[in-house]
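The values are calculated or read from the model by the stated rules, or taken from the named source; none is laboratory data. Everything numeric in this text was worked out from a predicted model, so none of it was measured. Cβ sites come from the backbone with ideal geometry, for glycine too, and all protein chains shown count toward neighbours.
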Amino acid sequence: MVFVGVVRGFVQQHPQVQQQEMKRIVVANRAILTVGSPMSWGESLDHLAYVREHGVLQFIKVWENCCSMRRTDELLWGDEVEYGLLRVSESKAWVSLRGPEVREALEAAEGEHAHRSEGCLWHPEYGAWMIEGTPSRPYSGYAADLCRVERNMRLRRKRLLSFLEDDEICPTIVNFAGFGVGDFCWPPSSSTSSDNKVTHSPSVPDRAINPHPRFAALTANIRARRGGENVDARPPRFFDAKTPTNAPESIEGLDAMAYGMGCCCLQVTFQARDAREARYAYDQLAALAPVMLALTAGAPVWRGVLADTDARWDVVSASVDDRTPPNAGRGCFRWIRGWRGREYASAEVALLEYFPFCDVEAPIDSEAFDVLRGAGVDPALARHVAGLFARDPLVVFEGKVTQVDDDVSSDHFDNIQSTNWNTVRLKPPPPTATNATGPGWRTEFRPMEVQLTDFENAAFAVFAVLVTRVILAFDLNLYVPLSRIDANMRRAMRRDAAIKAKFFFRRQMDADQVADGFADERFDACCAPPDPDAPAVYEEMTAAEIIDGKGDYFPGLAPLAYAYLDYIGCDRDSLAQISTYVEHVRERANGKRPTPAKWIRDFIKAHPDYAHDGIVSEKIARDIAVAAHEIGVGARPAPELLGDDVVVRPITPDGAWDVRLSAAKLPKNPDRRALIERYTRRAPFRH
């Protein structure tokens, strides 16, 4: 009960967690946020087997009810953008811990403006300085809705601005360069590291965690499962011209979950027509994920030090690494894993019947696999689900174990699924969904990092949607062995990977070029010892070659996107806007436009305070954040990022919300007289 007291005390320190919330379930895009009393890791041990067992049974129930569910051909999809709130002075910036307060204000205002066809939804994120925004209704399958994305993102930014204080900003950057350095949280506190009963970190205070009890419980239980050790992320250090030669090879001190889960990203979720289409999209997007991570990379600084990597993935992976130490002395250690064991990983198995591509030994719960197969779940999907259940649930809530009804709830399945953070996620329908109601089978694309502007975020979200349409319309096949996808993920995180890295990618994407059952020599060449007489199925390509094409055998994803738009007869106005997005992705891939990571590196290099030693000072970290914010709201031109033809129109709080016409009577007083006189005989307004 000590743990429960710690978490309850943590929540009580944050009055924005209202008492009525303690009895409701908030369904967010990435987790089931059940508010209540979470068990400590020790208390939950007796319940882990039950949660795993019944999570499998809940999936089987969903499969039985929804395996044949089929939606109409209309595409429904949405995006998620994560924002960080910062407070700035002339010389320093802090993360502003008003995220929950601002989110509640936004939710209330959105409720008052629910009459609008275009709106936003706001969700909690791990950090108390973070907020996630999504469109209030999904985008449709019409080409014109691809042009709606940027408008909605601009609306989200405008509405968020309307609740910020004068010295607060909300740049869309992956992470704050000064995070973890000194007193980086606002408001300041007199607490010391010994007061951090949840993080046990000397650099990240407990108050930086969102007050929702699930987040504190995740933090504490990951640490407890590791035998009481803090997580330990160590991104490689970038050695600049004046970096001391005896400096550590890696950046040290990233010892809290917040370093990874405090990163902001861009995600896209698609609703498929049926389970098979969702599974096929899962497999194909898994192959594309490393390329999109490299093209959107935006995290070159950690804890005030330049890294020799550009992307967040390894740090996030290490920040949720819950592997138990081999000598901890507790049972159930078949989940101890190597590199792939970290919960933030690429896809572990293919979801369709292409087992020869699954050349990486991924852990599965063999008992769960047998139960799934016995219930009629096909081998590929059974292996995928059994792989999820090779992990322990990290958070178990009191009163939410045996009390959960497997026929109407998927809480235990969602508990496990929500803490398997892969580049792609298959999202089954709720157990009570039907062909007519509730969401269907969905695929969530998760690798992309958030971009500095709404134009860039829209460009990559729209491009991801177009690629899924291209894959389905042209029946493309992007399968490569999973070991090559793992290798691609490692390459995607390198500095300047967008233009320098080469990725293993399929040479021939046309499904007709693959023999039945993938059984011929071309398929065997993927996973069997090389046959000099068999043509290669995959080869190394740059991002530019993958996007634009290579030789006369690989057309490239961008040309195929244009071919698809031509095929569907896209209208001229929509095509003009969509083309700017596709061209931006092409320019990222060929190096004409920098990634956010490259822009940040160039900004640091040009800063007058930079000593070329790899150290990012408080002032530089502040200036990066301010410049990113100004670019995002259109107050600072950025032709180096966007080109001369793309200009971010200014975004201000003005007009964020509708103004209601009031019938209230104005009192007869001097103020009323002054108001009337102010506009009497006034010259016409000039716009």
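What to note about this one:
- Here E249 meets the list (1) more than 26 Å from W94 (Cα to Cα); (2) acidic (D, E); (3) under 22 Å from the mean Cα position of the chain (by Cα) almost entirely, failing just condition (3).
- Taking the range 84-105 as the range and being within 17 Å of K158 (Cβ to Cβ) and either hydroxyl-bearing (S, T, Y) or surrounded by fewer than 21 Cβ atoms within 10 Å (Cβ to Cβ) (or both) as the test, only A105 passes.
- Given (1) modelled with pLDDT of 95 or more; (2) touching a Phe, Trp or Tyr at 6+ places or on another chain (Cβ under 9 Å); (3) within 30 Å of E150 (Cα to Cα); (4) of a type outside the set (A, V, I, L, M), index of the condition R273 fails: (1)
- Breaking point among (1) farther than 28 Å from A492 by Cα; (2) surrounded by 15 or more Cβ atoms within 10 Å (Cβ to Cβ); (3) in contact with a helix residue (DSSP H, G or I) (Cβ under 8 Å, 6 or more places away or on another chain), for R636: (2)
- Filter result for R593 (more than 18 Å from V467 (Cβ to Cβ), assigned to a loop (DSSP other than H, G, I, E, B) and touching a residue at least 40 places away in the same chain (Cβ under 8 Å)): yes
- Enumeration of residues in the range 364-399 that are under 25 Å from G227 (Cα atoms), out of contact with any Leu (no Cβ under 8 Å at 6 or more places or on another chain) and either hydrophobic (A, V, I, L, M, F, W, C) or surrounded by 18 or more Cβ atoms within 10 Å (Cβ to Cβ) (or both): I364, D365, G387, L388, F389, A390, R391, F397
- Filter result (among the hydroxyl-bearing types (S, T, Y) and at pLDDT 95 or above) within the range 90-139: S91, S96, Y126, T134, S136, Y139
- Of the residues making up the range 109-151, not one is more than 22 Å from the chain's Cα centre (by Cα), aliphatic (A, V, I, L, M), more than 23 Å from P439 (Cβ to Cβ) and in a loop (DSSP other than H, G, I, E, B).
- Any hit, the range 444-458, residues being in contact (Cβ under 8 Å) with a residue 12 or more places away in the chain, in a helix (DSSP H, G or I) and of a type in the set (S, T, N, Q): yes
- Long-range neighbours under 8 Å by Cβ, at least six apart or interchain, first residue touching a residue at least 40 places away in the same chain (Cβ under 8 Å) and closer than 21 Å to V174 by Cβ within the range 107-132, second among the aromatic types (F, W, Y) and assigned to a strand (DSSP E or B): M130/Y83; I131/Y83; I131/W122; E132/Y83; E132/W122
- Hey, G182 at pLDDT 95 or above and on the phi > 0 side of the Ramachandran plot or not: yes
- Filtered residue count, the range 655-675, keeping only those that are within 27 Å of R157 (Cβ to Cβ), among the charged types (D, E, K, R) and surrounded by fewer than 10 Cβ atoms within 10 Å (Cβ to Cβ): 1
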